[in-house]
Structures are given as C-alpha cells and as structure tokens.
1. Quick check: is even one residue across region 122-129 within 18 Å of residue 355 (Cα to Cα), within 16 Å of the chain's Cα centre (by Cα) and not in a loop (DSSP other than H, G, I, E, B)?
2. Can you name the condition, by its number, that residue 216 falls short on among (1) under 24 Å from residue 205 (Cα atoms); (2) buried (at least 17 other Cβ atoms within 10 Å of the Cβ)?
3. Residue 166 - would you say it is in contact with a Cys (Cβ under 8 Å, 6 or more places away or on another chain) and closer than 15 Å to residue 353 by Cα?
4. I'm told residue 158 meets every condition in (1) in a helix (DSSP H, G or I); (2) closer than 13 Å to residue 350 by Cβ except one. Can you identify the failing condition by its number?
5. Any residue in region 95-114 that is more than 27 Å from residue 404 (Cα to Cα) and buried (at least 18 other Cβ atoms within 10 Å of the Cβ)?
6. Any idea which of 160, 148 is touching an Asp or Glu at 6+ places or on another chain (Cβ under 7 Å) and surrounded by fewer than 23 Cβ atoms within 10 Å (Cβ to Cβ)?
7. If you scan region 54-77, which residues turn out to be touching a helix residue (DSSP H, G or I) at 6+ places or on another chain (Cβ under 7 Å) and in a helix (DSSP H, G or I)?
Amino acid sequence: MIPVSHRRRKSPKRRTSPAAPRVQHRLWPTALASALAVLILAPIVSRLAGTGNDYTIHRNIAVAMKAHLTLYSPHFLLQFLVLALNFLLPGDIDTAMIVVSLLAYAATAAIVVRLILHRTSSPAVALTLTLALLLAASVALLFPLDRHLYRGYIPANVFHNPTMVLLKPLALLSFGYAAAALWPEQGEKTHTLIGCALLTVACALAKPNYTVCILPALASVAAKRAAFRSQIDWKLLLLGFVVPACATLVFQYHWTFSDSQIPGVLPGSSHIVFAPLAVVRRHSSWLAVKLLLSLLFPLSVLAINFRRAKEDSALLLAWVLFVFGAGMMYLLAESGPRMIHGNMLWSAQIAVFILFVQSAAHISAYFGGALTTAPRGERMRAMASFACLLLHTAFGIALYFSEYARVARYW
C-alpha cells in the first residue's frame, strides 16, 4: 500500500504507477494470503524457535528483560511484543516468539497482496505472486561448487532471524509513506504524520537496517526532484522520517557502539568502519556472480519495458533503496567482536525484499490486462520475468527444507 498526500497537482511530466485495477479490494484474498502464509511458514518458525541461534539469542534477551525489567538491546521491539503476548496469553516465551513471528508473516502477506491488488484485478495473480515473494531467495546456481544457498548472495528471504521477520511488514508500510512524501501528486490518498513517525520509530526498534537505508535514499531522490522543482511533501519527509529516524538512530548508535553492549551476550566494543568486502568475502567468493543471481527477477522486470518501469515511482525508489543497502553490505563493517556477525548484510536483504515486492507489483499489471494488449516481445519478456520469480522461489523452498533439516546446513 502506498499512502500519499490528499493534495493533487497537475504536472506536465510525472511518474505514475502502471495499470491500476478497476475493481475494489476484496477482503478474502487478503485473509487467504495471511492464512496460507501462516500455514506454510509455521513449520519452519516452530523448528527454528527451538534450534536456531538467532531465535535463541532473542529469546534469551526477552527472558533477561522479563527477569530484570530492563532493556538489553537497542532494538527491543521483538522482545517487547513477545513479553506482552506472554503476559496476555498462557504459554511460555518460546510459544510467544512463534506467535509473534507468524503474525508478522501474516501481516507481510496481507500488505503484499493488497499492494498487488492495486495493480491487477485478479486475486489469483495477487495470491500467486504473494506466496512466491514470501519464499523467494537467491538463485544459487553455484551450489554445486561451494555448497552455499545463502552466503555471498543477497536473498529476499531468510528464515532464521526473527527481527527480520518482524521488520518486513513495518518496512513495507513505511516504504509506502516514503513514496508518498516524494510523489505527493500521484493521487487522492490519506496519511498522518503521526502514523508515519510511529512507523519510522517502530522500524528502527525492530531492526535499524531499513532505517539507515531509507534515509539516504529519500535524501538522494528528494534532492533530484527538488532540483527540477518537482512537488515534495517536505512536512511528511522531515517530521515523518528524518526527525524520528535520526533521534532513534542516535540513541541506538550510542548504545550499540558503547563499551557495554549486551552484558553476558556480546561483550566488548565495536565501531562502524569502511572496509570494502571485509565481511562478505570471508564466507564466499564469486561475489559479482552471486549479486547477479540475487537480482535476476528485478532485472528481468526492467527488461520487459524499461521506459515503463522507470516511470513507476515506487519501483524507482526501491532500486535507490537497494543501492544504499547493497553499498552498506559491501563497503561497511563493524570492527571488533561484531564483525563476524555481518550485521550490515541485513540492510541489503531488507532492501532487496522491498525491491522484489515492488517489482512484482509492477509486473502484476501485465497479468491484469496489459499482457493481452502489449506487443508480442513484451508479452514474452513478462512471462520470462515471471519464470525468474518462480526460479527464485524454487531456491527459497530449497533453503526452507535445508534449514528445517538442520539450521545453517548449507549457508
């Protein structure tokens, strides 16, 4: 969903989203998408909640927070929700962690299917694309050489990290506000500054990697549009994003890179350093090839009709977001004990997930009517692009079963 300003101004040259459907949203595709997401992902979440290292770490932090009534992490939203659910409902913290993760998956599915239904009138297309997106990973064609399904790639989905699971629905909603701030002339839509600001803070408290990417992405696109005197909702941009994001990130930076980080879990101090490829090349080679294999679907969408794709404002912003996310992954690192954790990789992963979603929303218009009227070559490229998404999904399913069998077996 992409909320934008209630104002509308005619512009001689503006970006538009292609092929908006002529039907109202229906509730049943949203409910069905959420139910299917929970049904499909419940086994892997239940498995990893008991055996996955990331789930265990966040579960232990929640236990410590409950025991000592204090914060142990600068991004504590997951623990807060888990403890709140544990207080309200019977069961242990592990059960609450599973429920929160599944609710986040359900919310992600609901947001994605409704976003796609903005572009196509076909619930079947929306459901198919949504489920494919929830499972898509990198096309790991190099697996026979290095036995890696994850390392060196930038997958749109990983299953082992609960804070990434929580971040996705929040980031998708926040991204809609970001497009609204930059292109307020696109239509009659509503937004609130308070809602946007709360989402900005929530994203950072879930996992700050999206927030540190969206700020430079917003700044670069806003600078270009301002240079051409294009309309920008500066109030939404500054009060909805910049101010709450900077305030939260300053707090988190001071906490994360202080001398006492997470007592008993992560001792010592670290700093952000410029270290090109220092982290990613520790775990994998063929990085350029793996980057390409991570982006087959988004690149194929551009190839369908590049002129049409570049006029899709949300898709444009998603590519800019990815550039900054990938830049952080490849160029920056944390010194000290945190370097081996590869925390900058999350920035590229949340950015590529949003890029996949916006690419799927763009291509969905072709399967809602535009495909029948497009030139034959364009129709063939659209079908090839859909096949690329299914290929990503096939490797995501392989990663799913690999993680279920043994965590990190083929990372």
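1. Yes, the conditions are met somewhere in region 122-129.
2. (2)
3. Working: in contact with a Cys (Cβ under 8 Å, 6 or more places away or on another chain): no; closer than 15 Å to residue 353 by Cα: yes.
Considered against the rule, which asks whether it is in contact with a Cys (Cβ under 8 Å, 6 or more places away or on another chain) and closer than 15 Å to residue 353 by Cα, residue 166 comes out as no.
4. With (1) in a helix (DSSP H, G or I); (2) closer than 13 Å to residue 350 by Cβ applied to residue 158, the lone miss is (1).
5. Taking region 95-114 and keeping what is more than 27 Å from residue 404 (Cα to Cα), we get 114.
Retained after the next criterion (residues that are buried (at least 18 other Cβ atoms within 10 Å of the Cβ)): 114.
So far as region 95-114 goes, yes, one or more of its residues are more than 27 Å from residue 404 (Cα to Cα) and buried (at least 18 other Cβ atoms within 10 Å of the Cβ).
6. Working: 148 fails: touching an Asp or Glu at 6+ places or on another chain (Cβ under 7 Å).
After applying the criteria, what remains is 160.
7. Scanning region 54-77 gives 54, 55, 58, 59, 61, 62, 63, 65, 66, 77.
Quick grid of which residues meet (1) part of a helix (DSSP H, G or I); (2) under 23 Å from residue 75 (Cβ atoms); (3) at pLDDT below 90:
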residue: 307; (1), (2), (3): yes, no, no
residue: 340; (1), (2), (3): yes, yes, yes
residue: 349; (1), (2), (3): yes, yes, no
residue: 372; (1), (2), (3): yes, no, yes
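The values are calculated or read from the model by the stated rules, or taken from the named source; none is laboratory data. The structure presented is a predicted model; accordingly, all values stated were derived computationally and were not measured. Cβ atoms come from the backbone with ideal geometry, glycine included; neighbour counts cover every protein chain shown.
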